[in-house]
Amino acid sequence: MLFDSSLRRDLARTFGATLVVILTIVLTMMLIRTLGQAALGHVAPQDVVLLLGFVALAQLPTMLSLSLFIATVSTLTRMYRDSEMAIWFASGVGLSRFVRPVLRVSWPVLLVVALLALFVWPWMNARSAELRERFERRSDLSRVTPGQFQSSRDGSRTFFIERDSEDGRTGRNVFILTAQPGKESVTSARSGHIENTDDDRFLVLDSGQQNEQNLRSGEKSLASFQTYKVQAGERVLSSATAPPPKARPTIELLLEPTPAAQGELTWRLGLSLGAANLLLLAIGLSATQPRRASNWNLLFALLSFVVYYNLINLSQAWVAGGKMGMGTVLVLMHGGALMAALALLWWRDNGTHWTMLHRGGGNGGSGGRLKQRVEQACKK
């Protein structure tokens with residue numbers, strides 16, 4: 001049918017262009033932030049591309065929903081401005097008839113959003129946490145690039161090594177500047193390596209000397225050593241700690257009815273339900289006057305999208321805090337949004353397009369003449 005094919009073609013074209021633009025903007029912003037974290041020493045530089053991919057997967061459900069929402073509003077708004085809607089309304093096609101072709105184009109996107117939110121989101125968070133934990137478990141010495149000065153995480157020590165071994169755990173010609181309240185020391189050694197004892201991490205220096213100065217009295221001391229052991233960095237992170245709810249599979253969250261697990265599950269289900277509800281809202285919010293040059297309907301639609309997604313994020317906090325139950329939030333928020341979308345479609349079908357066709361009062365007005373021309377064209 002001409003009606004279905006033309007609408008689906010325009011909607012698919014607009015969705016593709018919108019997704020490319022949004023994806024480019026988000027990836028650029030995420031790349032800048034990830035590079036900043038790598039420069040500050042929060043993530044490993046070699047993991048920047050991998051972390052960027054994880055961040056893109058995390059933001060992809062929102063980007064797909066927003067692209068689909070904007071594409072639907074933009075396509076139907078253009079049809080209103082080009083008077084195509086007036087022709088379809090005069091031919092007996094109500095606004096509710098647009099739901100079927102829009103869903104035929106959108107159901108693969110909605111399915112991808114659901115899969116990403118329910119399955120890919122926890123997997124991505126688990127892998128990202130592993131990368132960050134692996135980097136945090138590295139010693140202060142192993143973070144130092146040969147030939148460059150670098151400070152420890154707490155800023156109390158400055159390291160310099162001339163070269164390191166292939167495994168990255170042993171440094172040659174090590175220099176350490178330690179600053180403590182009222183005391184400063186300079187330690188140099190031919191080599192140094194890391195030893196882990198229980199949950200503590202120690203830096204073991206071989207064949208070196210230490211020059212220590214008391215900043216208050218000005219006294220200096222010089223000591224030589226064959227082996228010197230000092231605690232390096234913070235305690236080793238335990239791998240046995242339970243992962244956060246956002247890194248746990250959806251099946252585990254269903255089997256553990258705790259407030260935190262239900263809050264995370266509410267958010268994941270909310271992304272899928274919200275994408276479908278926003279698609280129906282987009283059809284009703286796209287109505288505009290053909291002779292009006294403003295884009296207030298698009299701005300109002302974007303505002304509705306922002307409010308809805310903020311409510312989805314708030315629902316997670318409400319359920320996790322024990323203020324509301326998961327079922328109550330899903331029914332009130334997403335069931336209410338569905339009823340609002342259906343009510344808006346009913347109101348557009350039973351009021352708005354008849355106002356457009358009859359504007360001008362009777363057959364003598366511009367609306368009546370438009371209706372006569374459309375009926376004559378349909379009869380021919």
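The values are calculated or read from the model by the stated rules, or taken from the named source; none is laboratory data. The model shown is predicted, which means the values in this text are computed figures rather than measured ones. Cβ placement follows ideal geometry from the backbone for every residue including glycine, while neighbour counts extend to all protein chains displayed.
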Residues in region 327-351 that are surrounded by 19 or more Cβ atoms within 10 Å (Cβ to Cβ) and under 24 Å from ALA260 (Cα atoms): how many?
-> 3
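Scan ALA71, ALA58 and give me the residue that is closer than 23 Å to TRP123 by Cβ, part of a helix (DSSP H, G or I), within 21 Å of the chain's Cα centre (by Cα) and among the small types (Gly, Ala, Ser). Before you say what the answer is, go through the steps one by one.
Numbers: ALA71 fails: closer than 23 Å to TRP123 by Cβ.
Sole residue among the options that is closer than 23 Å to TRP123 by Cβ, part of a helix (DSSP H, G or I), within 21 Å of the chain's Cα centre (by Cα) and among the small types (Gly, Ala, Ser): ALA58.
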Per the list (1) modelled with pLDDT under 65; (2) closer than 28 Å to PHE54 by Cβ; (3) not in a loop (DSSP other than H, G, I, E, B), residue check on ALA126 breaks on (1)
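Determine which member of the set SER142, SER96, SER106 is more than 30 Å from VAL230 (Cα to Cα), at pLDDT below 80, part of a helix (DSSP H, G or I) and more than 16 Å from the chain's Cα centre (by Cα).
Details: SER142 fails: more than 30 Å from VAL230 (Cα to Cα); SER106 fails: at pLDDT below 80.
Unique residue meeting the criteria: SER96.
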